[in-house]
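Please read the structure below before turning to the comments.
The values are calculated or read from the model by the stated rules, or taken from the named source; none is laboratory data. Everything numeric in this text was worked out from a predicted model, so none of it was measured. Here the Cβ positions follow ideal geometry from the backbone for every residue, glycine too, while neighbour counts run over all protein chains shown. Side chains are part of the model used for accessible areas, which takes the heavy atoms of the whole protein and leaves out ligands, DNA and RNA. Shrake-Rupley method; radii C 1.70, N 1.55, O 1.52, S 1.80 Å.
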Amino acid sequence: QVQLVESGGGLVQPGGSLRLSCAASGSIPSINPMGWYRQAPGKQRELVAQIRSGGITTYTDSVKGQFSISRDNAKNTVYLQMNSLKPEDTAVYYCNVHIVFTRTDYWGQGTQVTVSS
């Protein structure tokens, strides 16, 4: 069983930055992708960014050049650096890890990010 604990959300003005962190309990080998999803009110949850084996990263088009995902395998932690935040980035952000061998997804509890003046 994997537990994910997120931190770093909050209220920020447009143009500001936040850094989300997600710490996993136990060792998560790098073969297992880790990522961030978000869900805004009235919308479906969407993949924001993912980091896979070899450090390969993918981003949804709306955050390319704005967000950056990274991973510290020694700390079993994934980060999401969010810059130039816009009101439309407001959502609950969820950390995810996909365990390849069991085809199981684990989720964090979510952290609220609100971009407003």
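Rolling a 1.4 Å probe over the protein heavy atoms of the chain, with every protein chain left in place, gives an accessible area that is 48 percent carbon and sulfur.
Between 54, 81, 91, the Cα set farthest toward the positive side of the dipole of region 54-95 (charges on each charged residue's Cβ, about the Cα centre) is that of 54. What the phi angles of region 58-66 give under the Karplus curve with 6.51, -1.76 and 1.60, with θ = phi - 60°, is a coupling list of 9, 9, 5, 4, 5, 10, 4, x, 10 Hz, glycine and proline written as x. Within the chain, the longest segment free of exposed loop sites, counting trypsin sites (Lys or Arg not before Pro) that fall outside DSSP classes H, G, I, E and B and have at most 11 other Cβ atoms within 10 Å, spans 1-42.
Taking a probe of 1.4 Å, how large is the accessible area per residue of region 61-117, in Å²? Present the calculation step by step, with values, prior to reporting the outcome.
Details: 2960 Å² over 57 residues.
Heavy-atom SASA per residue in region 61-117 reads 52 Å².
Taking the chain as a Gaussian network of alpha-carbon nodes connected by springs under 10 Å, the highest mean-square fluctuation of the residues 44, 66, 81 belongs to 44. Cross-link partners of residue 86 among aspartates and glutamates, defined as those whose alpha carbon lies under 19 angstrom from its own and excluding same-chain residues fewer than eight positions apart: 46, 61.
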